[in-house]
Each structure stands twice: as C-alpha cells, then as structure tokens.
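S.K.: First the structure, which I've put down as structure tokens, then a few questions once you've had a look.
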Protein chains: 2
Amino acid sequence: MERSFIEVRPDSHFPIQNLPYGVFRPRSGGPARIGVAIGDYVLDLSVLEDAGHFNATALAGTGVFGKHSLNEFMALGRPAWRAAREQVRRLLSADAPTLRDNTALRDAALLPQSDVELLLPAQIGDYTDFYASKDHATNVGIMFRGKENALMPNWVHLPVGYHGRASSVVVSGTDVRRPLGQMKPPDAAAPMFGPCRQLDFELELGWFIGPGNELGQPVQIEHAEEQIFGLVLVNDWSARDIQAWEYQPLGPFLAKNFATSISPWVVPLDALEPFRVTGPAQDPEPLPYLKQPGKGAFDIHLEVYLESDRMVKPQIICASNVRHLYWSMAQQIAHHSIGGCNLRPGDLMASGTISGPDKDSRGCLLELTWRGTEPIRLDNEEERVWLEDGDRVTMTGWCQGEGYRIGFGEVTGRVLPAQPSGAVK
Amino acid sequence: MERSFIEVRPDSHFPIQNLPYGVFRPRSGGPARIGVAIGDYVLDLSVLEDAGHFNATALAGTGVFGKHSLNEFMALGRPAWRAAREQVRRLLSADAPTLRDNTALRDAALLPQSDVELLLPAQIGDYTDFYASKDHATNVGIMFRGKENALMPNWVHLPVGYHGRASSVVVSGTDVRRPLGQMKPPDAAAPMFGPCRQLDFELELGWFIGPGNELGQPVQIEHAEEQIFGLVLVNDWSARDIQAWEYQPLGPFLAKNFATSISPWVVPLDALEPFRVTGPAQDPEPLPYLKQPGKGAFDIHLEVYLESDRMVKPQIICASNVRHLYWSMAQQIAHHSIGGCNLRPGDLMASGTISGPDKDSRGCLLELTWRGTEPIRLDNEEERVWLEDGDRVTMTGWCQGEGYRIGFGEVTGRVLPAQPSGAVK
C-alpha cells in the first residue's frame, strides 16, 4: 500500500490515496489559497506552485493554486486534475525525496490543519438539489400522500430536481440561524408568522462541476462523469412547516434557502474509483439519454450525529450509504443538461436526502421521527422531534479500504435561535 | 421639460429622464465597459470616469464604470446611484457646456447604439422567479385544477416564488434553442423523449438587487426598495409539456432552465418614480412583514410581438401592464429574505408572467390560446398555439410621460430548432 512520509493514522480521512482539495487561509494571516489534506496537515499547493513544482505538468503557468477558489482549477478538466493529483502524490510519497528531504520547503508548504481556516471551496454559480433516493422519496410520499401514491409517476423516469440558492451555501462550522417565516398549522384558519418550529437537516452528497458545457449542448451520459471535479457532504437544512405551506405549486423556496452547509474538502472522483459499485436496479429501464454504461454508484458510508447543548458528546442518529441512491451522479448531470442548460465550473449539485431501507438509515428528522410521531430519545434523556436551538448536527462519511479510509471529513453546524420576530416586525 | 443636447425623439425610450445603465463593447473593439443610453447613443461612462468627471461625486476612485459588469456599481447603494445619475444628467443637459461643447470628449464618449454590442448587464449570482400576477395564477389554476381551486390557499398570503437558473440568463438578441426533454402526453402509457412541443414565452418584469443583505438578516419591507438597482424586461421561456411532467413535487426545472432572456438596459428605479401607482387591493391583509407603506406598483405599459419567419413584420399579440401585479417588488424582496436568505449585488428577481384582466393582456401563449384550445390567427393567415421554429418573440415596455417615454428598449429572441435527438442519443 502506498504511503506518505507524513504519518497518517489508519482511521484518518486523509491518506495519500485521498488528497482532497480545499481553500484555506492560514490563521497567522495571508490570502486564501488552495491546499490538499494529508493526515493532520494541509499541503499548501500555492507554495509548491510558486517553487516550480507544477512546471513539468499540464498546470504549468496557470497559477490556479494561488486563487481564492477552486473554480479555475475545476475549469481545466480531468487531464489537468489527473496531472495535478499525480504530482501531489509523487511529492507526498514516502519514497520521494523532493519534499520529504527539503526542510525549508516542508516548513513552508505543510501546515497543521488546526492552524488554518477552511473556506468555501468554490464560488458557486448555481446550486441544484435532486431527490435521488427512492427510500427517501417513498417515505416522504407515504407521509404526505399515503402508501398508494407514495412515488409520483415521474419519479422512476427522471431524476427529479430543483434549483436551490447559491448565495446561502456556507462552509462547515458556520452557525445556522433558525429562519422566521410563514406557516399554517393544519387546524389554523390563517397562516401565522414566527420562528420555524420544524427545523430539520438533510443528509446529502454534493459534487462540484468541472469544465461545464455550452448553452444548448447537452452533456451526454457517457461523458457526464468527466464533469465531476469532486464530492462533498451536504446538509440541506430544511424548515418543514414553512415548506408545507409554501411549496405548492412551484416547489421549496424559503424552506431551504436560509442555509445549506457543505464540507470543506472536495474529494476527487479518482480517489473514489476503488469504491465504485453497481447501483440499485432501475425498473423501468431509463430512456436512452439516462442509460449509464458501467457502474455509477459509490460505496460511501455516511453518519449523522446530533449534540444538544446539554450533551457531553455527539450521538449518532443515522447511518446511511451513498450506494442507496437510485439515480447516479452521471444520470443527474445528463438529465440536468438534456434541455440545453449550461453547467459552469464551480456549480454545485446535490443528491437530495440519502435514506436507506433501514429505519436508522433515514437521512432526516422528518423520516427518522416519522413526521414527529416517533421522537428520538437521546442518551441524556432528552427527546427530539425537530432540531432545537443550540443543537449541533455533524455529518461525516468515508469509503473503507484495506487499511485506509477515503474520508470526507465532516460538515457541522449549530442552530442559533431565530431573530426576535419583533426585530423584523 | 428637461432636455439633452443630444436629440431625442418623443417616442424614444431613452430621453434624459431615463438614463438606463448597460454593459457594452464597441464593435470596433476594446473591452466591455459601462454606458448609459441617451436617444440613439450610448454614453461611455468609463471615458467620463477616466477623464475625471466623477471625481467630485461619491464614486470618486471607485473605477466602477470600467468594469465588465454592473455588479460593483450595484453594490454601492442608492446614494452612490443618485450621485452618478445626477452627474450624468448634468453632463447630458442641453444647458451644460462641459460635454456639449467639448468635441473631443463627445467624440470619445458618445457612440451610436448601432456601433456597440450590448452584453449581459451583470454577473447574476442567483435568479429568482416569482408568480406575482393574480390574473396569471388564476388563469393557470383554472386550466389545471378547475375554477373552484384556481388559486392555491397560500397564494394570497405570500408571494410564491422559486429559484431559477442563473447560468442560462441571456441578453436580448440571443437565439434560443428548443429544448429536448421528457414529456408524457395524457394518453401515453410511458413518457417519451424528444423536442419540446409546447414552447412558450412569459412576459415578466425583472429587477437587479443592489447592496444586498447579510445571511440571517432579513430586509425589512420599509427598506426593500433601497435594494432595487433597476429594472429590465424578462422573457422566461417555458416548455409546457416538459413542465407538466416534471414539476411535481419540487417545481419547474428543465422546463425553464434552458434560457431566460433579459433586456440589456437597466432602468433605474428613480426614473420610474413619476409612474408609481397604487397596486391592486390586497385582501386578506398581508402579514406585517409584507405590509408596504405607500404605493408599491408602477404603471409600465408592456407589449409582446410575434414574428414568424414567413412574416414581413412583427405582430402584437399581447398588451399588458406592470400595475396588474398583485405583489409589489418590495413585498417580493421582503418575503425572499424573511427567513434570512442573503441577496447579493447582481442577483436577478422576476415577477412571473404579467397578465391583466383582459384576454389580450395575458402574458403567455398558455393563457392566450387557453392551453391550445384557442389558436392565435396571425396577419399572414398562419396560426399559433405554441411557438414554432424560426419564431421571434419581442417584448417591449415603457412609461408614458408628458412628451417623453421612460422605455425599456426590448428583449427579443428567435427560436432555433432542437438538436437532432440522435445527436444526444
């Protein structure tokens, strides 16, 4: 097994087999730049770039690692991503002296992760959220429309999705303020205004788009994965009561746009190749433009932890897996662009809540508590139906290899109390 | 009445009372920069800025007019916009010698509009589309759900809206390719794939956001208009058959994201002040956060023209008015941000289709042909139910003052045939 000269524990998310990209700022000061996570360290690629260590690669002269977002690197496409990845791997290898034996370069380029602030990895032009888990769509359908009409007729024919809000995508660690809004309890005569009472999380997988496509030129499914720069975890915070009242007929709006949190390290698709698996059988057979050759699913274990401000440590409340997704990332990309919609470097897509067949694999409180009828009992005797102020939600995920993990780190966020309604009106 | 030394015909859209901003590139070459429309000319503000003519204003040292988008100017806020507008007005006034009598400066700063290419006025971070016309929502509701359930219960309580696609917003003059997609005719057993058969336009008003707000800090309705930099016309092209099949339960997606066209000149809100009117009575009374003090509507006449490739001139098929909108721009902004969603400079919002009470004031073919049951007969004996390849749709609009017009110019686009389906698969 390949090893780095940097010590990496077996349960670390960031061995040399991973090498996820992120944007960071040293806590000691200086501009944002691009790095790669290795063990407990960040490798500052802008330092290596400035020292000429990418001059012999396809990246020569691009200066992409000194930027404050990954967008320009994303735009270069897979051959450039592969060249960069190979070079970083070579530089970090236990067998290669270039960085290992150059103390000055190591001191300049390797920072403990605790010494950096991680930022949003890209300027997100557009954010699209799908609804690609059949278990999730079915559970929600049963709760809202009954068992007979659980899945809408279109669901098995196309990856249902909608446009989300790009401006409010925030990086892990950002506190999330409980939204104010309109809601109408079923027994109320008129809608009321106030803080959301049914605040939820959604466990999702996200991916960043690379080169993109021209308006009017769909991405063919065979080429769809060439558009995937890398993957992150997504918490698509949701206000269920606001959603129930507002979503007809144009879909979720304020119920979702107050915040969407993502993990800061973008895991390259290439790092996930050993964990590619066959996805769920698709019946009916998808239309030709959605028919993906080969395996389109990935075996990525996911966990959600909840920690109230009265708890001493986080408690796991959900364990799921990306492989449960019915529609693959490639299918979602092909569908998104089939009408000609252009994707741009830095666009973010997300899968929608990832639920599995088991009760504890349901990826949001709506399902875990079955719309509030089955509260979760926490270790400290607290109960939860929806999120309360002070609650911290942390999601993590990884692929388990032989003696190593390809990890996503985490996406975490704490619920702040709503603004006093009076402050708004 | 105030006049410019530039000759402006009474029916021109661009008298000195208007002064809309746009981004242009001279056809003779050179980078994109910012200008103002005056009569048949563009006033190049970057030339005036470089020559120091904004040094005595709040814009001194900002360099905002040499940029390739209006975003930085939008971010400055209304006091800066007012200062710029006053200065441009002074410079263009018939009574002021500074520009009028400086031949060299005039030659450098004034270009015939025919000598420039107009570009997208802003880098649009997020695009949001509302559904603010009661006549439109009612007509659509009657067609799809019957007269008894025409308006959803939420409609009179909040401005229904959804997130659109920012990447595919294009400037007037851009041809629009008919989208491919999935649709399912009511009598078909399974969905089919192919070119959209029910291509439509939507007549809308759009507005660009100025300074924006911090995440978690709603824009109060009293301050909502301070966020409006200026207004444009919007054609929100729609694929009705794709929409009917895909939109449950998360709203329109591919039916809208293949293209949205906007007019290139952004009309300042200040130019529209003389045309402010009282909007439709709102019953029930809106919740306090949506209660706008004063008049929130504007009297802007709108027209839609259709020209097939067999016609010798465009034919008017709709005449509507912005004053028909039930929800005001300020109400839409206040609602958009009430949950804490952050708005950013350059964000685009649009009203949704603007229909009036009369048959010929319906702002889309879906309504004008009553879902295809009442075809439009064109002057050359052609009929239209939906848009055909080669059709050009042109929208225009203006406020009629005493002897002058505050105009929006136009937003136009021609329908290109779909990609051969075989090219996609």
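No value in this document is a laboratory result; all are computed from the given coordinates. Small disclaimer: the values here were computed from a predicted structure and weren't measured. No Cβ is skipped: glycine too gets one built from the backbone with ideal geometry, and neighbour counts run over all protein chains shown.
S.K.: Restricting to the range A:127-416, what percent of DSSP beta bridges are antiparallel, rounded to 5?
M.R.: On the way: 48 of 56 bridges.
Roughly 85 percent of the DSSP beta bridges within the range A:127-416 come out antiparallel.
S.K.: So, one more: Please report A:Phe201, A:Phe65 as a ranked list, fewest other C-beta atoms within 10 angstrom at the top and most at the bottom. Walk me through the intermediate numbers first.
M.R.: Working: A:Phe201 30, A:Phe65 23.
So the ranking, lowest neighbour count to highest, is A:Phe65, A:Phe201.
S.K.: Let me ask something additional. Averaged across B:163-175, how many Cβ atoms of other chains sit within 10 Å of each residue's Cβ atom? Mind dumping the intermediate values first?
M.R.: Numbers: counts 15, 2, 9, 7, 10, 9, 0, 2, 0, 0, 0, 2, 1.
Shielding by partners across B:163-175 averages 4.
S.K.: While we're looking at this one, here's another question. Just for the protein assembly as shown, what percent of DSSP beta bridges are antiparallel, to the closest 5?
M.R.: Details: 131 of 147 bridges.
Antiparallel bridges make up about 90 percent of those DSSP assigns within the protein assembly as shown.
S.K.: Related question: Once you have the Cα-Cα distance between A:Leu416 and A:Trp370, take 0.36 nm times their residue separation minus that, and quote the gain in nm to one decimal.
M.R.: Numbers: separation 46, 0.36 × 46 = 16.56 nm, distance 2.44 nm.
Separation in residues times 0.36 nm, less the Cα-Cα distance, equals 14.1 nm.
S.K.: Would you look at the GNM of chain A, springs on alpha carbons closer than 10 Å, and say which of A:Arg310, A:Arg106, A:Arg323 moves the most?
M.R.: The residue with the greatest mean-square fluctuation here is A:Arg310.
S.K.: Would you calculate the separation in nanometres between label points at B:Asp40 and A:Ala56, each defined as 7 Å from the Cα along the Cα-to-beta-carbon direction?
M.R.: 6.4
S.K.: Shifting gears a bit: Please report, in cubic angstrom per residue, the volume enclosed by the convex hull of the alpha-carbon atoms of the protein assembly as shown. Let's see the in-between values first.
M.R.: Details: hull volume 150.2 nm³, N = 850.
Measuring per residue, one finds 177 Å³ for the Cα hull of the protein assembly as shown.
S.K.: Now for a different question. Hey, could you grab the Kirkwood Rh for the range B:85-230? Inverse mean 1/r over distinct alpha carbon pairs, Å, one decimal. Write out the running numbers ahead of the final one.
M.R.: Working: mean 1/r = 0.0479 Å⁻¹.
The Cα-based Kirkwood calculation yields 20.9 Å.
S.K.: Whole angstrom only: what separates the Cα centroid of the range B:10-71 from the Cα centroid of the range B:273-336?
M.R.: What the calculation gives is 28 Å, centre to centre.
S.K.: Estimate the FRET efficiency between B:Asp360 and A:Glu2 by the formula 1/(1 + (r/R0)^6), using the beta-carbon distance for r and 60 Å for R0, to the nearest 0.05. Could the numbers behind the result be given before it?
M.R.: Details: r = 72 Å, r/R0 = 1.19.
E between B:Asp360 and A:Glu2, to the nearest 0.05, is 0.25.
S.K.: Let me ask you something else. Quick one: label points 7 angstrom along Cα→Cβ at B:Glu117, distances to the other copies in nm, smallest first?
M.R.: 4.1
S.K.: Which order do peptides A:324-336, B:234-246 fall in by mean Cβ count within 10 Å, highest first? Numbers along the way, then the final one.
M.R.: Numbers: A:324-336: 26.6, B:234-246: 25.0.
The densest-packed peptide leads the list: A:324-336, B:234-246.
S.K.: In terms of modelled amide H atoms, which long-range or inter-chain residues lie less than 5 Å from the amide H of A:Thr128?
M.R.: The answer is A:Gly164, A:Leu348, A:Met349, A:Ala350.
S.K.: From largest to smallest, what semi-axes in whole angstrom does the range B:200-266 give when each is the square root of 5 times an eigenvalue of its alpha carbon gyration tensor?
M.R.: Values: eigenvalues 161, 62, 15 Å².
Result for the range B:200-266: semi-axes of 28, 18, 9 Å.
S.K.: Pop out the ³J(HN,Hα) list for the range A:284-301 in order, Karplus 6.51 cos²θ - 1.76 cosθ + 1.60 with θ = phi - 60°, rounded to Hz; leave Gly and Pro as x.
M.R.: Once θ is set to phi - 60°, the couplings for the range A:284-301 become x, 4, x, 4, x, 5, 10, 8, 8, x, x, 7, x, 9, 9, 8, 10, 6 Hz.
S.K.: Over chain A, with a Gaussian network built from C-alpha contacts below 10 Å, which listed residue (A:Ala122, A:Ala109, A:Ala37) shows the highest mean-square fluctuation?
M.R.: A:Ala109
S.K.: Would you mind classifying the range A:40-98 by shape? Square roots of the alpha carbon gyration tensor eigenvalues, ordered a ≥ b ≥ c; an a/c under 1.5 is rounded, otherwise it is prolate if a/b is larger than b/c and oblate if not. List each step's numbers first, then the result.
M.R.: Working: a/c = 1.63, a/b = 1.42, b/c = 1.14.
Since a/c reaches 1.5 and a/b is larger than b/c, the shape of the range A:40-98 is classed as prolate.
S.K.: If each residue's Cβ is checked for other Cβ atoms within 10 Å, how do A:Val176, A:Val385, B:Val64 rank with the fewest at the top? Walk me through the intermediate numbers first.
M.R.: On the way: A:Val176 25, A:Val385 19, B:Val64 22.
Ranking A:Val176, A:Val385, B:Val64 by Cβ neighbours within 10 Å, fewest first, gives A:Val385, B:Val64, A:Val176.
S.K.: Within the set A:Lys147/A:Lys359; A:Lys184/B:Lys359; A:Lys184/B:Lys291; A:Lys256/B:Lys147, which residue pairs have Cα atoms separated by over 24 Å? Display every interim value, and only then the final one.
M.R.: On the way: A:Lys147/A:Lys359 17 Å; A:Lys184/B:Lys359 34 Å; A:Lys184/B:Lys291 19 Å; A:Lys256/B:Lys147 31 Å.
Those over the limit are A:Lys184/B:Lys359; A:Lys256/B:Lys147.
S.K.: With chain B treated as a Gaussian network of Cα nodes joined by springs under 10 Å, which of B:Tyr305, B:Tyr247, B:Tyr21 yields the largest mean-square fluctuation?
M.R.: Of B:Tyr305, B:Tyr247, B:Tyr21, the Gaussian network model singles out B:Tyr247 as fluctuating most.
S.K.: Here's another thing I want to ask about it. Once you have a ≥ b ≥ c as the square roots of the Cα gyration tensor eigenvalues for the range A:21-119, tell me rounded if a/c is under 1.5, and otherwise prolate or oblate according to whether a/b is larger than b/c. Let's see the in-between values first.
M.R.: On the way: a/c = 1.66, a/b = 1.07, b/c = 1.56.
It is oblate, given that a/c is not under 1.5 and a/b is not larger than b/c.
S.K.: Once every DSSP H run of n ≥ 4 in chain A is given -39500 (n - 2.57) and the sum is divided by its residues, what mean residue ellipticity at 222 nm do you get, rounded to the nearest 500 deg cm²/dmol?
M.R.: Working: 10 runs with 74 residues, N = 425.
Per the formula, -4500 deg cm²/dmol.
S.K.: Shifting gears a bit: I'd like the Karplus ³J(HN,Hα) series for the range A:311-322: coefficients 6.51, -1.76, 1.60, θ = phi - 60°, whole numbers in Hz, and an x wherever there's a Gly or Pro.
M.R.: Going residue by residue, I get 8, 8, 8, x, 10, 6, 10, 7, 10, 10, 7, 4 Hz, with x marking Gly and Pro.
S.K.: Amide H of B:Ser133 versus every other amide H placed in the peptide plane: which residues, excluding those fewer than 5 positions away on the same chain, fall under 5 Å?
M.R.: B:Tyr326
S.K.: Taking H placed 1.01 Å from N in the peptide plane, check which residues at least 5 places from B:Leu119 or on another chain put their amide H under 5 Å from its amide H.
M.R.: Long-range HN contacts for B:Leu119: B:Val23, B:Phe24, B:Arg25.
S.K.: Looking only at other chains, what is the average number of their beta-carbon atoms within 10 angstrom of each beta-carbon in A:213-222? Intermediate values should be presented prior to the final figure.
M.R.: Numbers: counts 1, 0, 8, 12, 4, 8, 1, 3, 2, 1.
Per residue, the number of nearby Cβ atoms from other chains is 4 on average.
S.K.: Now a separate question. Which residue is it, in chain A, that holds its beta carbon closest to the axis of the A-onto-B rotation, and how many whole angstrom away?
M.R.: It is A:Gly251, 1, counting Cβ atoms only.
S.K.: Further, regarding this structure: Provide the descending list of Cα extents for chain A along its principal axes, expressed in whole angstroms.
M.R.: Extents along the principal axes: 72, 52, 42 Å.
S.K.: Expressed in nm to one decimal, what extension gain is obtained for the pair B:Val156 and B:Glu117 from 0.36 nm per residue of sequence separation less their Cα-Cα distance? The partial results should precede the final answer.
M.R.: Details: separation 39, 0.36 × 39 = 14.04 nm, distance 4.20 nm.
Extra length from B:Val156 to B:Glu117 when fully extended: 9.8 nm.
S.K.: Can you list the distances in nanometres, one decimal and ascending, from the B:Met311 label point to the identical position in each other copy, with the point 7 Å along Cα to Cβ?
M.R.: 6.3
S.K.: Now for a separate question. Modelled label-to-label distance, B:Asp11 and A:Asp379, 7 Å Cα→beta-carbon offset: nm?
M.R.: Rounded to a tenth, the inter-label distance reads 7.8 nm.
S.K.: Determine ³J(HN,Hα), in whole Hz, for all residues of the range A:387-402 in sequence, where each value follows from phi through the Karplus function 6.51 cos²θ - 1.76 cosθ + 1.60 and θ = phi - 60°; x replaces Gly and Pro.
M.R.: 6, 10, 4, x, 5, 10, 10, 10, 10, 9, x, 6, 9, 8, x, 7
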